[in-house]
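What follows is one structure encoded as structure tokens, with my remarks underneath.
Laboratory data are not the source of any read-out in this text; all were calculated from the coordinates shown. Everything quoted here is computed from the prediction, not taken from an experiment. Virtual Cβ from ideal backbone geometry, glycine too; neighbours counted across all protein chains shown.
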Amino acid sequence: MAEAASSAAAMATAEQANGSSGGEQKTRHSEVGHKSLLKSDDLYQYILETSVYPREHECMKELREVTANHPWNLMTTSADEGQFLNLLLKLIGAKKTMEIGVYTGYSLLATALAIPDDGTILAMDINRENYELGLPSIEKAGVAHKIDFREGPALPVLDQLLEEEGNHGSFDFVFVDADKDNYLNYHERLMKLVKVGGLVGYDNTLWNGSVVLPADAPMRKYIRYYRDFVLELNKALAADHRVEICQLPVGDGITLCRRVK
């Protein structure tokens, strides 16, 4: 992820350690990557135990358990969202994909397992160390050859791609789970790189439910810091006639954008 995302995770980790939530109710659920907006933790656990964990690839389970021991584990994609992405990619027949914001690679592995053997993923994150934490599980799954990992900010890589006409409209799917203050910057570039009919998925678009809270409501510092950026993104996507959109309450909210022009 970009530096801002890592900073947000650090803020969140510090608040959890201090037990300070600024008056915000804490979730009781202890599952790694738990970001569900369901009011019932028991219902979310039912979904995981009935439909998600029994079908989870053994290497994804291994990676999820490795990530659980990392201090920034709240940044990981939840298991139910990983399952959703894996099935979505199969449904659209994605082959050439991109991921902006990798962390330890749970969603990356979900993608790599879904695309064909000659499929590709251009994966970008500023922290190679986090990516390498999950790399043994990715290698064990036999899909590491599909991944082209680039360490560093994503915007320069996107701009470099745009310099070559052959890259325009060439990507089938892009998943964005990085610095929220750059989502709109990513969007403008991705509208040129994703093919007409291709998909872009923006993660965290409900941002812990803060999008419906009053501006003066108690919320964690990192939630408040990025809240306005998420609100701006949601408003912009709703008005963007280049895409058809669907916002789903999976994980912390994911908005799918299908490019139509």
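Quick one: compute the contact order of the chain, relative version, from alpha carbon pairs under 8 angstrom and 6+ residues apart, as a percent. Averaging sequence separation for qualifying contacts and normalising by length gives 22 percent for the chain. Taking label points 7 Å from Cα along the Cα-to-Cβ direction, residue 40 and residue 242 give a separation of 4.2 nm. In the structure shown, the pairs 61/192; 180/235; 39/221; 61/146 are assessed against 25 Å; a Cα-Cα span above that value is assigned to 61/192.
Give me the net charge for the shell around residue 154: Cβ to Cβ below 10 angstrom, other residues only, Lys and Arg +1, Asp and Glu -1. Let's see the in-between values first.
Numbers: positive: 150, 189; negative: 99, 125, 159, 179.
Residues near residue 154 contribute -2 overall.
Of all aspartates and glutamates in the structure, the ones whose alpha carbon falls short of 17 Å from that of residue 96, not counting any fewer than 8 places away in one chain, are 117, 118, 148, 164, 165, 172. Evaluate the relative contact order of the stretch 139-246 (contact order divided by residue number), counting alpha-carbon pairs under 8 angstrom at least 6 apart; express in whole percent. Relative contact order for the stretch 139-246 comes out at 23 percent. Straight-line cross-link partners of residue 140 among the aspartates and glutamates, defined as a Cα under 14 Å from its Cα and at least 8 positions apart when in the same chain: 58, 62, 132.
Ranked by the mean number of other Cβ atoms within 10 Å of their residues, highest first, the peptides 167-177, 222-232 fall in the order 167-177, 222-232.
A helix-only calculation puts the chain at -13000 deg cm²/dmol for mean residue ellipticity at 222 nm, using -39500 (n - 2.57) for each DSSP H run of at least four residues, averaged over all residues.
Given +1 at the Cβ of Lys and Arg, -1 at the Cβ of Asp and Glu and no other charges, the dipole of the chain around its Cα centre is 580 debye to the nearest 20.
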